[in-house]
Structures are given as C-alpha cells and as structure tokens.
Amino acid sequence: MSRTRAFVLTTITMFAFAANSVLCRLALARDAIDPGSFTLVRIVSGVAMLWALVALTRRDHAVGGSWRGAFALFAYAAAFSFAYISLPAGVGALLLFGAVQATMIITGLARGERLVSLQWLGLALALAGLAALVAPGVAAPPAAGAALMLAAGIAWGAYSLLGRGASDAFAATAGNFLRATPFAILLAAATARGVHATAPGLAYAVLSGAVASGLGYTLWYAALRGLTAAQAASVQLSVPVITAIGGALALGETITARLGASSVAVLGGVALVIANRGAAD
C-alpha cells in the first residue's frame with residue numbers, strides 16, 4: 001500500500017472514531033434518544049453495514065468472531081452510551097482512550113512483557129493524567145459517567161485483545177456485531193420504561209453504527225496494512241484531540257485547562273510507551 005493511501009485511510013478512520021463520541025453526545029445531551037435505544041440502533045446499523053460489505057466483496061459469508069468478543073463489544077457500546085448522558089465529548093474520548101491503552105499495556109505486563117524505564121515513566125504519567133482528570137473538584141467530570149466510560153475502555157481493550165488472534169479481522173468484526181445484537185435487545189427491553197427516540201436521535205445512532213463504526217472499522221483494517229504496529233497505536237493519540245474540537249464546534253463544549261493538562265499527560269505518557277516499544281527485549 002502506498003504511503004498516500006495509508007495516510008488518507010488513517011485520517012478518515014481517526015475522524016470516524018472521533019465521530020462516534022460526538023454523535024453519541026449529540027444524541028444524548030439533547031435527549032433525542034435514550035441510551036439503550038441508541039446502543040441497539042448503533043449495533044443493528046453496524047450489522048447491516050458490515051454484512052452488506054461482506055455480501056458485496058466476498059464469496060465466503062462465514063460468520064467469524066466469538067461470543068466473548070461479542071459480549072465485550074456490547075459492554076463497550078452500552079457503557080459508552082450511558083456514559084455520554086453526562087460526559088462532554090472530549091472528556092469521554094480521553095477517558096475511553098486512556099482506559100483502552102492502560103488495559104492493553106497492563107495485560108501485556110501480566111503476560112510477561114517487559115518495559116524499559118521510559119515506558120514505566122510513560123505508563124505512570126498516563127495513569128496520573130487519568131487520575132487527575134477524574135479527581136474530585138469543580139472541573140471534575142461526573143463520577144458515574146467517568147466510571148462508565150472507564151468501563152467502556154476496559155471492555156474495548158478486552159475486545160481488541162480477543163481480536164488479535166483473528167485470522168480474518170473483518171469477518172470477526174461482522175460476526176461479533178451480529179452476536180452482540182441479542183445483548184443489545186435485552187438491554188433495550190430492560191430499560192424500556194425510559195425508551196424514547198426522535199428522528200434526529202435515530203439518525204445520530206444510525207450514523208454512529210453504519211458509518212462511524214461499520215465503515216470506520218472496515219477502513220481501519222484496510223489502513224492497518226500500511227502501518228507498523230507502533231504507527232497504528234500512536235496515530236490513535238489524535239482521536240481525543242479531534243473529539244474535543246468536534247465537541248466544541250458541534251456542542252459548544254469548553255476545552256478546560258484540566259482537560260488540556262490531563263490530555264498532555266495521558267497522550268504523552270502513552271506516546272512514551274509506544275515510542276520505546278521493542279526496546280525491552
């Protein structure tokens with residue numbers, strides 16, 4: 001793959017990832033749809049888009065993925081939706097991203113991976129940045145929303161780890177979305193008392209599922225063929241920044257000094273871990 005093609009695909013994908021946060025926050029901040037319905041519509045829309053792509057591009061329509069992967073995907077999507085009832089888009093994306101990276105790094109340590117001194121410093125800096133963001137104070141995000149988004153990040157980290165061994169990532173993603181649908185239906189049924197959905201709310205959920213998730217994940221798998229592992233990890237540092245700008249433009253959210261300082265600590269810390277990967281042999 002050419003560098004230009006990889007750059008274009010990667011740029012589109014990072015905006016798609018950020019769009020998930022902005023679309024969800026748009027829907028829930030304006031009470032255009034309830035979080036259970038948003039989760040269900042997002043997953044079903046993702047299923048429709050992914051399987052349409054499978055039908056158009058592949059002869060083999062075998063279902064990949066696993067029930068464990070599907071549940072991790074559902075847990076991420078559900079916690080993500082409920083967290084954005086109260087969290088600003090940029091804060092939510094930073095918590096999500098930080099939790100995903102921390103989950104994957106800590107799991108690697110538990111499995112015997114070793115870090116050099118700069119990587120330990122980076123991990124400590126990133127965790128300190130997350131702690132500073134959620135610490136009590138005037139500018140602290142709501143505790144319940146922050147806890148849910150951290151849970152979403154842990155679930156997405158688990159989903160990413162489960163998917164590492166997949167021989168066909170695209171088929172695995174389509175299968176996981178399909179298997180996650182029953183869980184989303186049960187969630188919607190369990191929260192039926194609060195169900196409501198407007199046309200804009202449904203549109204945000206469909207865009208999040210079909211475009212930002214379905215197409216976004218597909219483009220990401222294409223982009224990965226032109227990126228090294230370190231590049232793939234480090235480029236995602238841009239997502240919280242893009243999300244914060246998108247939240248400011250679309251929702252009028254303020255980029256606070258606390259968010260800015262925490263972002264520097266978290267993103268800088270993760271960058272240290274990534275930049276020194278391979279040095280701890």
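Using the per-residue mean of other Cβ atoms lying within 10 Å as a proxy for protection, in what order, highest first, do the peptides 176-186, 76-86 fall?
Details: 176-186: 20.9, 76-86: 25.4.
Result, highest mean Cβ count within 10 Å first: 76-86, 176-186.
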Find which of 206, 85, 255 sits farthest along the positive direction of the dipole of the chain, computed with +1 on the beta-carbon of Lys and Arg, -1 on that of Asp and Glu, about the Cα centre.
206
Subtract the Cα-Cα distance of residue 116 and residue 193 from 0.36 nm times their separation in residues, and report this length gain in nm to one decimal.
22.5 nm
First obtain the Kirkwood hydrodynamic radius of the stretch 1-132 from its Cα pairs, then insert it into the Stokes-Einstein equation at 20 °C and 1.002 mPa s, and state the resulting D in µm² per second as a whole number.
121
Taking 1 over the mean of 1/r across every pair of different Cα atoms in the stretch 51-122, what Kirkwood radius in Å do you get?
15.7
So, in Å, what gap is there between the alpha-carbon centers of the stretch 73-103 and the stretch 174-207?
17
Restricted to Cα positions, what overall size does the stretch 168-266 have along the principal axes? Three whole-Å values, descending.
41, 39, 21
Normalized C-alpha radius of gyration of the chain, against 2.2 N^0.38 Å?
0.97
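Once you have the Cα-Cα distance between residue 56 and residue 107, take 0.36 nm times their residue separation minus that, and quote the gain in nm to one decimal.
On the way: separation 51, 0.36 × 51 = 18.36 nm, distance 3.69 nm.
Between residue 56 and residue 107, full extension yields 14.7 nm more.
Mind checking the dipole of the chain: about its Cα centre, +1 per Lys or Arg Cβ, -1 per Asp or Glu Cβ, Debye to the nearest 20? Walk me through the numbers before you get to the answer.
Numbers: 16 positive and 7 negative charges, 75 e Å.
So the dipole magnitude of the chain works out to roughly 360 debye.
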Quick one: what are the phi-derived ³J(HN,Hα) couplings along the stretch 110-124, Karplus 6.51/-1.76/1.60 with θ = phi - 60°, whole Hz, x for glycine and proline?
5, 8, x, 5, 10, 10, 8, 4, 5, 5, 4, 4, x, 4, 5
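Every number here is computed from the coordinates shown, using simple stated rules; none is lab data. Please read all numbers here as calculations on a predicted model, not as lab measurements. Note: ideal-geometry Cβ built from the backbone for every residue, glycine included; neighbour counts use all protein chains shown.
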